[in-house]
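One structure is given below, encoded as structure tokens.
We did not get these values from a lab; they are worked out from the coordinates using the rules stated. Worth saying up front: this structure is predicted, and the values here are computed from it rather than measured. Here the Cβ positions follow ideal geometry from the backbone for every residue, glycine too, while neighbour counts run over all protein chains shown.
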């Protein structure tokens, strides 16, 4: 069974997202000022949260802005699946900002504000992307808990996110290679479970609890190690704001099955 290669998938899909269409809706993220040019874990977390909410609306995905003069920031953000613009917009539907830097936000141009706690581990993202990949980092950030709290790096949790990504990939590859069959009763039960899960996910995210929504998704995958193609596609689409690279790769893999 082929192991998921995050480097190949990330290189493939970054070129597609770089050419995404413009929209009239805008989100803003404010980063913690730092002296270096390298994207650190704290600012990566802020970008991931903003991109998570940006990706929720599949019909009209807003553009994401960050007012920065750092020319290296957009390509570093794209390494996390975050398509970032460094120009300004007239107004923003959502602003993701570190709690201690609310004074950097122009309240007059901003709608909803998500004030995040601090990430207390100082390290560049480039230390982790080669081994774990962007999706594992995204899962780690979004699974930690309420965004308002302070967090630090937990390498075991990051490793768990990496293993979950490999599990989803193995499920997709198995469908392609083996075409596993399920009984009619099992199919009907899974379909009902998926419907309940979708309602639960949307409710939890609507309550600003992406971490509990992710826990529900992970729990469902653990309880259903064998899924039919259509059911896995539904799960992968729910995972897309969390794991955009993996989701795009699995959907591409399953489209002709």
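Taking the Cβ of each residue in 113, 205 as the centre, tally the other Cβ atoms inside 10 Å and list the residues starting with the fewest.
With the sparsest Cβ surroundings first, the list reads 113, 205.
What is the extension gain from residue 102 to residue 121, computed as 0.36 nm multiplied by their sequence separation minus the C-alpha to C-alpha distance, in nm to one decimal?
Result for the pair: 4.8 nm of gain on full extension.
Within a 10 angstrom radius of the beta carbon, how do 186, 179 rank from fewest other beta carbons to most?
179, 186
Which whole-number percent gives the relative contact order of the range 98-232, counting Cα pairs below 8 Å spaced six or more residues apart?
In percent, rounded to a whole number, it is 25.
For n ≥ 4 DSSP H runs only, could you compute -39500 (n - 2.57) per run for the chain, divide by its residues and tell me the 222 nm figure to the nearest 500?
Calculated mean residue ellipticity at 222 nm is -16000 deg cm²/dmol.
Note the angle between two axes, namely the Cα long axis of helix 210-223 and the longest principal axis of the Cα atoms of the chain, as a number of degrees from 0 to 90, rounded to the nearest 10.
Long axis of 210-223 versus the principal axis of the chain: about 20 degrees.
Just need log10 I(q)/I(0) for the range 155-254 at q = 0.17 Å⁻¹, Debye formula, equal scatterers on the alpha-carbon atoms, no solvent, rounded to two decimals.
Treating every Cα as an identical point scatterer, log10 I(q)/I(0) equals -0.78.
On a 0 to 90 degree scale, rounded to 10, what angle separates helix 155-178 from the longest Cα axis of the chain?
Once rounded, one gets 40 degrees.
How tilted is helix 134-143 with respect to the longest principal axis of the chain? Cα atoms for both, answer in degrees (0 to 90, nearest 10).
Approximately 80 degrees, to the nearest ten.
Sort 140, 128 so that the residue with the fewest other Cβ atoms within 10 Å of its own Cβ comes first and the one with the most comes last.
Fewest to most other Cβ atoms nearby, the residues stand as 128, 140.
Quote the relative contact order of the chain in percent (integer), defining contacts as alpha-carbon pairs under 8 Å separated by 6+ residues.
Dividing the mean separation by the residue count of the chain yields 21 percent.
With Rg and Dmax of the Cα atoms in Å in mind, check (1) 18.0, 54; (2) 18.4, 60; (3) 19.2, 71 and report the label derived from this structure.
The calculated read-out lines up with (2).
Between residue 196 and residue 91, what is the label-point separation in nm under the 7 Å Cα-to-beta-carbon projection?
Label at residue 91, label at residue 196, 4.2 nm between them.
Which residue fluctuates most in the GNM of the chain (Cα springs below 10 Å): 157, 50, 207?
Most flexible of the set in this elastic network: 207.
Please work out the FRET efficiency for the pair residue 251 and residue 154, using the Cβ-Cβ distance as r and a Förster radius of 35 Å; give the result to the nearest 0.05.
0.75
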